[in-house]
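To keep things clear, I will list the structure first and then write my remarks on it.
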Amino acid sequence: MYIVQVASECAPVIKAGGLGDVVYGLSRQLESQGHCVELILPKYNNMRYDHIWGLHQAYLGLSVPWYGGAIDCTVHCGWVHGRLCFFIEPHSSDMFFDRGTYYGCDDDPMRFAFFSKAALEFLLQSNKRPDVIHCHDWQTGLIPVMLYEMYQYSGMEYQRVLYTIHNFKHQGFGGSEILWATGLNREEHYFHYDRLRDNFNPFSLNFMKGGIVYSNYVNTVSPHHAWEAHYGTCSFGLGDTIHRHQQKFCGILNGVDYGIWNPETDTHIPHPYSLSTFEDKGINQKALRERLLLRMANKPIVAYVGRLDDQKGVHLVHHAMYYTLNRGAQFVLLGSATDRQTNDWFWHEKRFLNDNPDIHLELSFNEELAHLIYAGADLMVVPSNFEPCGLTQLIAMKYGTVPIVRGVGGLVSTVFDWDYDPNHPPEERTGFVFYETDNYALESALNRALDLYYNEPKVFQQLALQGMQYDYSWRNPAVEYVEIYDLIRHKWD
């Protein structure tokens, strides 16, 4: 099967979050199963060019209709760790992707509306006709809209779209200028509740809603989060749209690329280890303490790796720091804040705790250090307010680091509570789960975890080993994606 992934990120060349990891990992697994996969991405001026091999101009003079004229683009081609990627570079005074940032510009809706239009024009003009166009998140939500309303009449009538939603919180909004820029034009048609009009703002178009309405199939990144989006509040206002299109909506759990995250082969950690050599994890723990100037002591290390923002339950991360110290354990944090107030808060804490030998706050993101923390920590807290899938808990389990998670989204689908899980026998359980968003709920789970570590160390080690045995690679999710690809290819023939 010929599949084209269209996204705003692909790790490691373009990575702002988990989206990039998913796009790369899924593409790699699909290729290993014999499918032809290509990726279309924006050519940002700040992406990691050192991760692209053989970058060259592949298509010159791509003319993309825009407003009443056209913008000339060059399409570059290169291989990102074996994946064939096309990078679209517009030559325009708008400098859509020459901003030194991937996101966060006032005109982001216009930037990615153009990218979506250019991606379709590239497929059209280069005579690429994939079986499936796989689009990701709000940035590509207009692709199925334009394909159905425009491009199917220009020779792309057989292309099908799967639309994957990684985060409902960011949906993409714009006004009538989006319609006139892309050539969709008809305001009365698209400002309709059944099409692109936002469910709560009648004067706004919603990119993600357009993706849901017009694509052949829609999924989010875990079955439980699909249920939350349909029946709960995690759809951020798109619940009615999902309900109307529930027959083409599902959840597929993300995978982890074990070619990158695997303690047996990890080149970023000082000593590899496996199920049979689990005691060597202690060598990495010693290295972690040395690197972060922590006290050499026989006590557990609790860690947090991830963004510091409301989605990730930052108030509970903060509480976990002090509760861990009060329980006589050590705490390590790696992450950067997404807003100034949170950034100032944690820098204040860093300065206040600077001389404490049992805690280290690294307020940035460092990929190499992340690997060492996963390998050296005993426990990983993931107290998210909402979490579509979550990769942190999956990586932690692979490294024998026991997760403590809030029971939402993909977290509750992958971590099975040591004491209370009714659906898994003790030999299949993998961590600790709490459900409320208050400090007491976190304390209850963290307390149970530390008690097990202190009082029954052999049982705690067995729990860590049980997590390592689970297969959360891309092998099974890729099979599910191919089943949907086949469904939409044949259902609409």
Considering Cα pairs under 8 angstrom that are at least six residues apart, work out the relative contact order of the chain and quote it in whole percent.
12 percent
How big is the charge dipole of the stretch 78-217 about its Cα centre, in debye rounded to the nearest 20, if each Lys and Arg gets +1 on its Cβ and each Asp and Glu gets -1 on its Cβ?
420 debye
If you keep only loop residues by DSSP, which GluC sites (Glu not before Pro) in the stretch 142-217 have at most 15 other Cβ atoms within 10 Å of their Cβ?
GLU157
If you take all C-alpha pairs in the chain, what percent of them are over 30 Å apart?
48 percent
To the nearest 20 debye, the chain has a Cα-centred charge dipole, built from +1 on Lys and Arg Cβ and -1 on Asp and Glu Cβ, of 300 debye
Between TRP474, TYR49, MET321, whose Cα lies farthest towards the positive end of the dipole of the chain when Lys and Arg beta carbons carry +1 and Asp and Glu beta carbons carry -1, centred on the Cα centre?
TYR49
Tell me which GluC sites (Glu not before Pro) from the stretch 393-493 have a DSSP coil assignment and no more than 15 other beta carbons within 10 Å of their own.
GLU436
Taking the dipole of the chain about the Cα centre (Lys, Arg +1; Asp, Glu -1; charges at Cβ), the one of THR74, LEU463, THR220 that reaches farthest to the positive side is THR74
The Cα radius of gyration of the stretch 397-467, divided by 2.2 N^0.38 Å with N its residue count, comes to 1.02
Looking at the stretch 74-161, what % of its DSSP beta bridges pair antiparallel, to the nearest 5?
80 percent
Can you tell me the Rg and Dmax of the stretch 23-118, counting just the alpha carbons, in angstroms?
14.2, 44
27 Å Cα-Cα threshold exceeded, pairs from LYS15/LYS398; LYS15/LYS312; LYS15/LYS458; LYS398/LYS458:
LYS15/LYS458
With SER215 itself left out, Lys, Arg at +1 and Asp, Glu at -1 over residues whose Cβ is under 9 Å from its Cβ give +2
Mind checking the full-extension length gain between ASN447 and ASN127? Use 0.36 nm per residue of separation minus the Cα-Cα distance, one decimal, nm.
109.2 nm
Residues THR342, THR164, THR220 arranged by fewest to most Cβ contacts within 10 Å
THR342, THR164, THR220
Report the antiparallel proportion of the DSSP beta bridges in the chain as a percent, rounded to a multiple of 5.
30 percent
When the Kirkwood hydrodynamic radius is evaluated over all pairs of different C-alpha atoms of the stretch 363-493, what value in angstrom, to one decimal, is obtained?
15.9 Å
What size of dipole, in debye to the nearest 20, comes out for the stretch 278-468 about its Cα centre when the only charges are +1 on Lys and Arg C-beta atoms and -1 on Asp and Glu C-beta atoms?
420 debye
Cα shape, the stretch 278-468, gyration tensor, a/c 1.5 rule:
oblate
Loop-located chymotrypsin sites (Phe, Trp or Tyr not before Pro) in the stretch 22-92, at most 11 other Cβ atoms within 10 Å (DSSP)
TYR67
If the reach is capped at under 18 angstrom between alpha carbons, list the lysines near LYS491, excluding any in the same chain fewer than eight residues apart.
LYS248
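The numbers here are math on the coordinates, done by the rules we state, and not lab data. Every value quoted in this text rests on a predicted model; they were computed, and no experiment measured them. Don't worry about glycine lacking a Cβ; one is built from the backbone with ideal geometry, like all the others, and counts go over all protein chains shown.
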